Each structure stands twice: as structure tokens, then as C-alpha cells.
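Notes follow once the structure below has been shown.
The values are calculated or read from the model by the stated rules, or taken from the named source; none is laboratory data. Predicted model only: the values in this text are computed from it and were never measured. Note: ideal-geometry Cβ built from the backbone for every residue, glycine included; neighbour counts use all protein chains shown. Note: accessible area is taken over every heavy atom of the protein model, side chains too, but ligands, DNA and RNA are not part of it. Shrake-Rupley method; radii C 1.70, N 1.55, O 1.52, S 1.80 Å.
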Amino acid sequence: MMPALEYRQSTPRFLAARGASSTRLGGRMSGVLASNVAPLRLVHRAEPSLPAGEWVRLRPLLSGICGSDVSLLTGRSSPYFGAVVSMPFVPGHEVVAETLDDLPGLAKGSRVVVDPVLSCAVRGGTPCRWCVAGQHSRCDRVTAGRVSAGLQTGYCTDTGGGWGRQMVAHAAQLHQVPDTLDDRRAVLVEPLACAVHSVRRANVPAGAAVLIVGAGTVGLLTLLALRALTKAGPIYVVAKHAHQHARARELGATEVFQPSRAARAVRRACGGTLEQPMIGGDFLLGGADVAFECTGAGSGLDMALRLVRAGGTVLLSGMPSGGVDLTPVWFRELNLVGSYASSGSATSPAAGPDTDEQGTAEPAGGAFAEAMALATEAPLDGYVDAIYPLSRWREALGHAAKAGQLGAVKVAFDPSRN
């Protein structure tokens, strides 16, 4: 038996959490996480068993708390996902871990980061069209195969997750961590791989004016990937908190705006006219060429749609929550692009580069290889500044919900600590 944080949802509890969180704003949602409404409990459960060959047991060293985790636990995530998870499950998909078994080319005791997507290569059987093409983030078989339903590790009852003392993963999910990369940087590799993928999905033209809405973990890592991998022109960042302003400038932001100033600041920087409807936020006729929505909030997407020029692109990096007026997509003929996980095939370089419909390509090694290199080189010290044992899970989740206000970027668990 092992200690783990277990998510066990019921419809009444989901609705109660959603109702409670709807009455709270920003960091005050931490009250939901600390209450009995939260569908999470610290339990002792059986260690997960290896489903088949090429699987290995892992001992998580650090596991991050993602914004999508907070949304899930406060009832703000979409019920859409209920069909592609299996319960109860142990959350935690941003994981750096130590292997507990030998694999060909990967000795027991190796440090690895986990690509959480549970694609056809992991599940076995005939691969779907997307996995054949190397686009495993789009896998059509996340409810089939040799493990229970789950779009990712951390949402699947059979695999466990990083918020437990042990989990299992397939060889295809593992990326060895170099000795030069410490655990606090390594736990950022998975969200950084997602940022790399989103930047490639946006296909940013050389010299384009780019807007990033949100400067939490997703927004800052997206900024890092944009500066490292594209020839973008000016990059403007919308950020609430002083430490986010400082980090965004350190990573190469051209200017950083408060949300209340964003519309006028983008008009000044990019041109256009500011329009003020009777109801709703201001919008531009003109604006940025490309916007990345990195908050997951309806208000963030609403802002991005209103501040991009006609024919521009808005990319959803944050997991969407909340309703939004899509009129700008229609009226300004915008390109609304989704970006989920990291795509690509990091374990099959012989298959060649991965190409999607937009013509973007990931080099051999995929987004995780690029993310590993960026995590080694970039100024990311201090991004993981709060680490908790599982026993202090309420405090940890409250901290994560208020990370911006408290000057934090990433909060993580160390499941080995008591």
C-alpha cells in the first residue's frame, strides 16, 4: 500500500464544487479546495501493477500542480472530459521520477520526465490515424486498449499519477533527464513541451506582433518558446502581478500590460481603433497578428479575441473554462486554434518529422527534446519555489490557486516526503 491523493468524483460533489467556486474570484477559490466539497482525499491504495511488457514502475520525485488540476478540483473544468477518464484516479501529469525497473537502454534508477498522453503506443493494438502520423496528442483510442480510459497519466485509474508515491508508465512515455538538469527544472519540462507545441501550432510569421494573455506558468513558458523557436517581432504580455511583469521582461517581452490597460496599450503598440460596445469589453479594429490565450479563463479568451486584427490567429493554450462571446471569430474572420499536450513522437525519430495541417513541423526528438534543452539553458531558477508533502495537500492546492498573488509560478508535490 502507498499514500496517494485520490480523485473520486460524483455528480452532486461536482455540482457543489462548481457552485461554490462560482461565488469566488481568483485566489478565493482556495476555500473550495480546503473544504469537504473538494473531491480529493489522501488515501492508502495498492501500488499500480505493470499492464504489460515495456512498462516500468516510477517513483515520482516532484509532480507539479497544473492550472487544469485546480480547475478540475473546483468544478470549473468541462464535463466533456468525464467520458475520457476512469475513476478513481491519482492526479499528477507534470512528473519527474526515478525508474524502479530496468528497460532496454534505460537502467533502473534513471531520472525521467513523463509524456502523460496515453496514446496507441502505450495502449497497444492497431494505431489510429493520428498516432501513425506522429500526432499522438490527437489519439482516437484514449478509452481503449490494455489500460483503463484516460486521456493522460493522472486521469487514468490503472497508471496512477504523480500525486502518489508510485506510478507506472510505458517506455514510449519516458524521456531521460540529463545530470545537468535538476529536479526543479525537470518538472517544468512537460508544461514547456506543451508550450513548444502550441508555438508550432500557431505558425507565427516572421516579424508578427504577438500578444500573450496571462503570465502564469503557461504564459511565461510560451513566451520562452516564442523567443527561442520563432522570428516573432514584438511580444506583448498581459500580466496581473509584479513578479510576472519582471519574469516576462527577463524572458524577452517587449512590453507587459495590466489587464485593465491591455486594449489601449495594444492599440498604441499595434495600431487600429478602439471600439466601446454598450455591454462587454472594448475591442480593436486592428490589433496583434497572433494571440496566445494562456489563462484558461473565459475572460482571457474574450480579451484575446477582441485584441487580434481581422484574419489573425488566436491559439488556446490554457484549458478552456467559462463561456465567451464568439462574435469576433465570425465578424473578424479569426483563426481559432487549439493546442493540447505536446504532440510529436519523441521515441521514434526514424519516422521523420511530424507535420500537421498547417504545415508546421517538429524536428526529430519532438517537443520534449526541445523543451529539455530550453529547460537547461533558460533563466528558470526559482520558478518552482514551493514544494509540499502529500499530507499538506490542502495547503499546497490553496497555494497553487493563489500562486500569482503569492509571487509563485509553479507549486509541486514531493510524494516521498512525510
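Here is a list: Pro91, Pro116, Pro104. Which entry is modelled with pLDDT under 95 and touching a helix residue (DSSP H, G or I) at 6+ places or on another chain (Cβ under 9 Å)? None of the other options fit; the residue is Pro104. Only one of the listed residues (Arg264, Arg247, Arg309) is within 22 Å of the chain's Cα centre (by Cα) and open to solvent by 20 Å² or more (accessible area, probe 1.4 Å). That residue is Arg247. Annotation: of all residues in region 152-169 being open to solvent by 10 Å² or more (accessible area, probe 1.4 Å) and more than 17 Å from the chain's Cα centre (by Cα), the one that is farthest from Leu390 (Cα to Cα) is Asp158.
Those residues that are touching a residue at least 40 places away in the same chain (Cβ under 8 Å) and either open to solvent by 10 Å² or more (accessible area, probe 1.4 Å) or more than 24 Å from Gly296 (Cα to Cα) (or both), I need them from region 367-380; list them, please. Correct list: Ala369, Glu370, Met372, Leu374, Thr376, Ala378, Pro379. Total residues in region 394-413 satisfying the condition of being under 20 Å from the mean Cα position of the chain (by Cα), within 13 Å of Leu5 (Cβ to Cβ) and not aliphatic (A, V, I, L, M): the figure is 1. Scanning for something open to solvent by less than 30 Å² (accessible area, probe 1.4 Å), over 25 Å from Ala46 (Cα atoms) and in contact (Cβ under 8 Å) with a residue 24 or more places away in the chain, does region 99-109 turn up at least one residue? Yes. All of Gly300, Gly318, Gly280 fail the test of being buried (at least 20 other Cβ atoms within 10 Å of the Cβ), out of contact with any helix residue (DSSP H, G or I) (no Cβ under 6 Å at 6 or more places or on another chain) and over 22 Å from Pro205 (Cβ atoms), apart from Gly300. Yes or no: region 278-285 includes at least one residue that is at pLDDT 95 or above and among the small types (Gly, Ala, Ser). No: region 278-285 contains no residue that is at pLDDT 95 or above and among the small types (Gly, Ala, Ser). In the set (1) within 30 Å of Arg227 (Cβ to Cβ); (2) of a type in the set (Val, Ile, Thr); (3) touching a Pro at 6+ places or on another chain (Cβ under 9 Å), Thr159 fails one condition alone, (1).
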